[in-house]
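Taken together, the values in this text are just the output of simple stated rules run on the coordinates, not laboratory data. Computed from a prediction, not measured in an experiment: that's the story for all the values here. Note: ideal-geometry Cβ built from the backbone for every residue, glycine included; neighbour counts use all protein chains shown.
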Amino acid sequence: MDCGGRLARVALAIPLAALCACVGGQSSGTPEVGVDTPTVAFDASTDVDAVMPVDTYSPPPDADPPSDAVPQPDADPPSDAVPPPDADPPSDAVPPFDAATDAHVRSLVSLGLAHGNRRAVFAKIGDSITESQSFFGDFGFGWYDVGTYVELEPTITYFRMVALGTANSFNRGSVCAAGGWACSDALSGSPSALTSELDAIQPMWAIVMYGTNDMQRYDIGTFVTNLSTILDVIEGRAVVPVLSTIPSRSDTEPYISDVPSFNAAIRSLASTRHVPLIDYNVALEPLPNHGVSSDGIHPSAYVNPADSAIETCVLTTDGLQYGYNMRNLTALQMLARLRGY
C-alpha cells in the first residue's frame, strides 16, 4: 500500500466517533443523520471544482482521457471490466445486468457521448455516507491497497485520469452529497444541487444512495417518488444512474425496522427502471455488526493497527470486515463493469 502522505490522510479522515452528529430535525424527536464537519450552504456561483489539493497525484491537464483509453459502446469489455466470480463479496451484491438493463445502459452511454458526458468521470449523490471522504477518497489520493483484487487497478487509474479542479472523481467534494440529506434536498432550489453537480462535471455515471434520512421524514411512497425524480433528472442529462441500497441501522426504532422495506423499494425501483444496482446492504450483512459503526447508523471503517490511520480503501481480508471498505470494493466493482460500455 502507498504510505505516502500518511499524516495528511489521518487529518482528512473523519473520526468514527464524530459520524453520529446530526443535521436538521424531524417531528419524532430523532435527529437526522449527519457528520460533525462544517456544513457550507450550496451556492451555485461557487467554483464547485475547487475542493482540495491532491499532493500525491497530478491529473493530466486534458479534460478527457486519451481516445485509445475509451472503450466504444459496441466494443467488447476489457478483460478487467467484469471481475471474476471470486472477486465479488456475495455474488448478489453487484448483481449482473439483465438484458433490459444492459440495453438501457448502452442507450444512455450513446446519448451521453453525444451530450458531451465523460466516460472517466462519475458523480457522487447522497447523504453523509457519500459525503465522507471515507467513501472513495483515498483512491483519488493514491492511498489504497487492492489486496487480491488486482483486476481493479486499471479502473482506479482510469477514473483518476480526468482533473476536476484540483481533484478527480474519487476525492472531489460533491455539492450533492451532504450530512442529513434526503432525496428532497438534492432536488430543491433553482438550480438544484443535483443539476448543478451534473452540469459542473459532465459525468457519464452517477452513484446514488439515499434513504437513511428519508425514512425519518417521509413515508416510503414519498421516498420512491422523490428517488424516481432523481433518476429522471440524471437520465435527462444522459447520465447512467447507479442505485445503492443502504446499511442496516441499530440505533432507534422504528428506523431499525424500516431499513428492509426501504431497501426493497430501492431494489424494485432499480429493476423497474432498468438501472444498475449495488446491493450494498447484502454485502454488509455478513460483516461484524453488519458493517455499521458504534453509532448504529454510519458504516464502520478499518483502522490500521500500526498507526491508527483510518484506511477505507484497503481491500484486504482485514479491511473488508468494515462497512466503508466494503462499499468502496462493491462500488469499484460496479465502475469496473461500467467501463466496458
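Under the classification rounded if a/c is under 1.5, otherwise prolate if a/b is larger than b/c and oblate if not, where does the stretch 91-338 fall, given a ≥ b ≥ c as square roots of the Cα gyration tensor eigenvalues? Rounded. Of the peptides 150-161, 168-179, the order by per-residue mean of other Cβ atoms within 10 Å, starting with the highest, comes out as 168-179, 150-161.
Exposure proxy ranking for H115, H298, H290, based on other Cβ atoms within 10 angstrom of each Cβ and starting from the fewest, stands as H115, H290, H298. In terms of other Cβ atoms within 10 Å, Y324, Y302 run from fewest to most in the order Y302, Y324. Counting beta carbons within 10 Å around each of T195, T166, T312 and listing the fewest first gives the order T166, T195, T312.
With a/c under 1.5 counting as rounded, go ahead and sort the stretch 202-341 into rounded, prolate or oblate using the C-alpha gyration tensor (a ≥ b ≥ c being the square roots of the eigenvalues; past the cut-off, prolate if a/b is larger than b/c, else oblate). Verdict is oblate for the stretch 202-341. The relative contact order of the stretch 91-338 comes to 25 percent, based on Cα pairs under 8 Å that sit 6 or more residues apart.
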